[in-house]
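*Asks:* Below is one structure. I have some questions about it.
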Amino acid sequence: MHGIIDYAVIGGGVAGTYCAWRLKEKYPEKQIVLFEYGNRIGGRLLTTSLPDTKIKIELGGVRYIDGEGAHLHFSYLVKRFKLRTRVSDGIQR
């Protein structure tokens, strides 16, 4: 990394990663740098594979309410990146 950093985003969780992505979309000519203390981005989200299978499981944030309140932006990202979802039988409203 050389030169001037125009925007420094601290933290590679969902919010920090989203912020860096949106800044880069809006200002493609700017130098956007995402700083993360850990060895991966994603914060509390952690998708992994079950041993000896191709089955993916989520060990972190597994539930959200589609299109409501605090999850409005997350719902947008799920649709924007065409992520697969499923309805959970364990959530009651």
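The values are calculated or read from the model by the stated rules, or taken from the named source; none is laboratory data. Quick caveat, the model's predicted, so the values are computed rather than measured. Cβ coordinates were reconstructed from backbone atoms using ideal geometry, including for glycine residues, and neighbour counts include every protein chain displayed. Heads up: the accessible areas ignore ligands, DNA and RNA and are worked out on the full protein's heavy atoms, side chains in. Shrake-Rupley method; radii C 1.70, N 1.55, O 1.52, S 1.80 Å.
*Asks:* Do any of Lys24/Lys54; Lys26/Lys79; Lys30/Lys79; Lys26/Lys54 go past 30 Å between their Cα atoms, and which?
*Replies:* Check vs 30 Å cut-off fails for Lys24/Lys54; Lys26/Lys54.
*Asks:* While we're looking at this one, here's another question. Could you check the spin-label model distance between His2 and Lys56? Points 7 Å from the Cα along Cα→Cβ, value in nm.
*Replies:* Computed distance between label sites His2 and Lys56 equals 3.7 nm.
*Asks:* Oh, and also: Hey, got a sec? Which trypsin sites (Lys or Arg not before Pro) in the range 2-32 land in a DSSP loop and have at most 16 other Cβ atoms within 10 Å?
*Replies:* Lys30
*Asks:* Turning to a different aspect of this structure: Whole-Hz Karplus ³J(HN,Hα) for the range 21-31, in order, using 6.51 cos²θ - 1.76 cosθ + 1.60 and θ = phi - 60°, x for Gly and Pro?
*Replies:* 3J(HN,Hα) across the range 21-31, in whole Hz: 4, 5, 4, 5, 5, 6, 10, x, 7, 8, 8.
*Asks:* Given a 1.4 Å probe, how much area per residue of the chain is accessible, in Å²?
*Replies:* The answer is 85 Å² per residue.
*Asks:* What are the residues whose amide H is under 5 Å from the amide H of Gln31, where those residues sit 5 or more places off or on another chain and H is modelled from the backbone?
*Replies:* Long-range HN contacts for Gln31: Asp6, Tyr7.
*Asks:* Once the piece of chain linking Thr48 and Phe74 is laid out straight, how much longer is it, given 0.36 nm per residue of separation minus the C-alpha distance between them?
*Replies:* 7.4 nm
*Asks:* Follow-up question, since we're still on this one. Enumerate by residue number the GluC sites (Glu not before Pro) in the range 1-83 meeting two conditions: DSSP loop (anything except H, G, I, E, B), and at most 14 other Cβ atoms within 10 Å of the site's Cβ.
*Replies:* Glu29, Glu68
*Asks:* What number, rounded to the nearest 500 deg cm²/dmol, is the helix-based mean residue ellipticity at 222 nm of the chain, given -39500 (n - 2.57) per DSSP H run of at least four residues and division by all its residues?
*Replies:* Helices in the chain give a 222 nm mean residue ellipticity of -7000 deg cm²/dmol.
*Asks:* Nothing charged except the Cβ atoms of Lys and Arg (+1) and of Asp and Glu (-1): what's the magnitude of the dipole of the chain about its Cα centre? Round to the nearest 20 debye.
*Replies:* 280
*Asks:* Now for a separate question. Just need the relative contact order of the chain here, percent rounded to a whole number, with Cα pairs under 8 Å and 6+ apart.
*Replies:* With pairs under 8 Å counted, the relative contact order is 20 percent.
*Asks:* A further question on this structure: What is the packing order of peptides 74-80, 14-20, taking the mean over residues of other C-beta atoms within 10 Å and listing the highest first?
*Replies:* 14-20, 74-80
*Asks:* In terms of modelled amide H atoms, which long-range or inter-chain residues lie less than 5 Å from the amide H of Leu46?
*Replies:* Sorted by chain and number, the residues that satisfy this are Leu59, Gly60, Gly61.
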